[in-house]
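The values are calculated or read from the model by the stated rules, or taken from the named source; none is laboratory data. Treat the numbers as computed from the prediction; the structure is a model and nothing was measured. Please note: Cβ atoms are built from the backbone with ideal geometry, for glycine as well, and neighbour counts cover all protein chains shown. Accessible surface is based on the protein model in full, side chains and every heavy atom, while ligands, DNA and RNA are left aside. Shrake-Rupley method; radii C 1.70, N 1.55, O 1.52, S 1.80 Å.
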Amino acid sequence: MENPRPQPPAPTPPMAPLPVPVHPPIAPIPVPPPRAPIPAAASVTSTSASAAGGGSGDEVEYEVSDDHRAARERHERAVQELLQRRRAYAMAVPTNDSAVRARLRRLGEPITLFGEREMERRDRLRALMVRLEADGQVDRLLRAQEDDQAARAGEEEEEEEQIQYPFFTEGTQDLLNARVDIAQYSLPRAKARIERAKRRHEDPDEDPEAEADLVVKQAGEFVLECSEIGDDRPLTGCSFSRDASLLATSSWSGLIKVWSMPQITKVATLKGHTERATDVAFSPADDCLATASADKTAKLWKPDGSLLVSFDGHLDRLARLAFHPSGKYLGTTSFDKTWRLWDINTGKELLLQEGHSRSVYGVSFHPDGSLVASCGLDAYARVWDLRSGRLFFTLRGHVKPVLGVSFSPNGYLVATGSEDNFCRIWDLRKREMLYSIPAHKSLISHVKFEPQEGYYLATSSYDTKAALWSARDYKPIKSLVGHESKVTSLDISGDGQQIVTVAHDRTIKIWSCRSSTQDNAMELD
């Protein structure tokens with residue numbers, strides 16, 4: 001049996017060729033535009049580090065432009081100025097202007113320049129010292145400092161040798177007697193006032209709050225009762241007599257007129273001032289009245305027009321005046337920057353008080369007679385102790401001249417009115433401002449507390465109005481509208497039931513609430 005022959009392997013079919021991927025053509029690389037030619041001064045060149053060295057030892061040298069060089073110089077100057085300024089502020093420079101002048105004189109510099117102020121002079125000395133130190137002239141600077149120290153040591157030795165005395169102006173024997181009399185008058189009144197306040201506070205039958213509410217309510221019922229033309233020229237001042245039976249007014253014509261109340265019938269005309277009259281006030285002890293004028297004098301009159309005393313001594317025109325509660329003394333203010341105290345009986349000047357830097361305008365006495373307040377165009381009011389002559393308190397707060405000041409009957413509140421349109425209330429116990437009232441749209445010409453208990457406050461203003469304010473919360477009570485021009489002054493009767501105002505419209509206006517008083521007489525009692 002034959003073996004079968006092996007079969008040849010089946011042929012493998014050929015594989016299909018792999019597809020060759022077709023890549024899209026690559027976009028050509030963009031060629032940058034040709035650069036602008038670089039200036040030779042600012043070009044950057046590459047050179048070899050040395051002629052013999054090859055390849056890797058190359059360095060790049062930069063040529064600095066003029067702008068960059070100028071900027072670098074400005075920066076260096078600014079740094080130098082900053083360092084000099086720091087050195088200047090670290091340098092000890094005298095603060096006293098006289099010492100600054102002395103140092104400048106020792107350095108051979110002018111002690112002052114035209115229009116130069118103290119701080120500018122000190123800055124000039126500081127800059128000079130820094131410049132001397134920078135220039136290497138330290139010896140000159142040290143020599144000037146040594147001279148200053150030697151001069152200062154000599155002055156200290158002289159001061160030690162001199163006996164230090166307190167500054168005061170020696171008064172006359174009349175002033176001493178007046179101070180003793182004022183102390184003897186004021187102390188019993190102060191004691192009685194404090195005892196009365198304690199009794200009213202401790203007595204369960206007393207109700208000060210209800211009484212104050214009643215008085216404030218009545219004050220809200222003030223109405224215009226009478227109006228009268230007072231003079232041919234604007235009126236400047238007004239004052240009730242102690243029982244409100246007489247009224248006196250002053251005017252630019254220099255005439256003082258006395259009127260009977262309540263009909264406002266002219267009783268007398270006082271002639272004697274040669275310039276315009278600025279104020280008038282009745283004495284609290286009798287029916288005599290005092291007047292102030294721009295002729296630099298004050299005069300004391302009887303109501304019938306006879307002249308009693310003329311007070312001469314002020315160097316400039318007078319503004320306001322006021323009587324001491326005892327009726328023995330008169331206070332006057334003037335544009336000569338002083339206020340003065342006069343003896344009514346002798347006509348002598350007892351006290352010439354300085355202290356204000358500008359004209360003194362208003363004056364008011366404490367109800368006890370121990371203190372007096374003055375106000376002026378320096379925007380300050382000052383409270384003085386008449387018994388010792390010391391300044392008790394300076395009322396700082398107004399930003400414009402203070403034209404009116406008034407003490408409250410309670411003894412510790414003071415009201416001031418100013419050209420800044422504000423009325424400010426001050427507490428003498430705390431020696432600080434208690435309240436500030438934006439009272440009017442124009443300057444406040446006069447201010448006064450109700451004279452019995454001080455339950456309300458009256459202000460007059462150049463906005464043609466007078467206003468009443470509660471002394472408890474200082475809210476407005478009533479606006480007295482009727483004048484056609486600037487209201488220059490006001491006064492309140494002793495019982496607090498009548499108010500008089502005078503103005504540049506030449507009219508006298510009487511405001512009253514007597515009808516409501518009669519209705520509530522039993523309640524008030």
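Restricting to region 429-442, name every residue that is crowded, with 20+ Cβ neighbours inside 10 Å and either in contact with an Asp or Glu (Cβ under 8 Å, 6 or more places away or on another chain) or under 23 Å from V360 (Cβ atoms) (or both).
Keep residues of region 429-442 that are crowded, with 20+ Cβ neighbours inside 10 Å, which gives 437, 439-440.
Result: A439, H440.
So which of G404, G411, G417 is open to solvent by less than 20 Å² (accessible area, probe 1.4 Å) and either assigned to a loop (DSSP other than H, G, I, E, B) or in contact with a helix residue (DSSP H, G or I) (Cβ under 8 Å, 6 or more places away or on another chain) (or both)?
Numbers: G404 fails: either assigned to a loop (DSSP other than H, G, I, E, B) or in contact with a helix residue (DSSP H, G or I) (Cβ under 8 Å, 6 or more places away or on another chain) (or both); G417 fails: either assigned to a loop (DSSP other than H, G, I, E, B) or in contact with a helix residue (DSSP H, G or I) (Cβ under 8 Å, 6 or more places away or on another chain) (or both).
On inspection, the qualifying residue turns out to be G411.
Evaluate region 185-199: report whether one residue or more is crowded, with 18+ Cβ neighbours inside 10 Å and among the hydrophobic types (A, V, I, L, M, F, W, C).
no
Would you confirm whether or not region 223-230 contains a residue that is open to solvent by 30 Å² or more (accessible area, probe 1.4 Å) and in contact with a Gly (Cβ under 6 Å, 6 or more places away or on another chain)?
yes
Would you tally the residues in region 386-396 being open to solvent by less than 30 Å² (accessible area, probe 1.4 Å) and either within 13 Å of L428 (Cα to Cα) or under 19 Å from the mean Cα position of the chain (by Cα) (or both)?
3
What is the residue count in region 364-385 for residues that are part of a loop (DSSP other than H, G, I, E, B) and under 19 Å from the mean Cα position of the chain (by Cα)?
Going residue by residue through region 364-385, those that are part of a loop (DSSP other than H, G, I, E, B) are 366-370, 377-379.
When the remaining residues are screened for being under 19 Å from the mean Cα position of the chain (by Cα), the result is 377-379.
Count: 3.
Of a type in the set (S, T, Y) and not in a strand (DSSP E or B) - does that describe any residue in region 273-291?
yes
Scan region 453-465 and give yes if some residue there is of a type in the set (V, I, T) and either modelled with pLDDT under 95 or surrounded by fewer than 19 Cβ atoms within 10 Å (Cβ to Cβ) (or both), otherwise no. Reasoning before the result, please.
Step one: of region 453-465, the residues of a type in the set (V, I, T) are 459, 464.
Those left that are additionally either modelled with pLDDT under 95 or surrounded by fewer than 19 Cβ atoms within 10 Å (Cβ to Cβ) (or both): 464.
Taking every residue of region 453-465 in turn, at least one turns out to be of a type in the set (V, I, T) and either modelled with pLDDT under 95 or surrounded by fewer than 19 Cβ atoms within 10 Å (Cβ to Cβ) (or both).
Test of understanding: among R124, R179, R143, which residue is over 33 Å from the mean Cα position of the chain (by Cα), part of a helix (DSSP H, G or I) and at pLDDT 70 or above?
Working: R124 fails: over 33 Å from the mean Cα position of the chain (by Cα); R179 fails: over 33 Å from the mean Cα position of the chain (by Cα).
Answer to the check: R143.
Would you please name the residue that is surrounded by the most Cβ atoms within 10 Å (Cβ to Cβ), looking only at residues in region 289-308 that are of a type in the set (K, R) and touching a Ser or Thr at 6+ places or on another chain (Cβ under 9 Å)? Step through it out loud before you land on a result.
Narrowing region 289-308 to residues of a type in the set (K, R): 296, 299, 302.
Going one step further and asking which of them are touching a Ser or Thr at 6+ places or on another chain (Cβ under 9 Å), we end up with 296, 299.
Numbers: K296: 19, K299: 21.
Per the stated criteria, the residue is K299.
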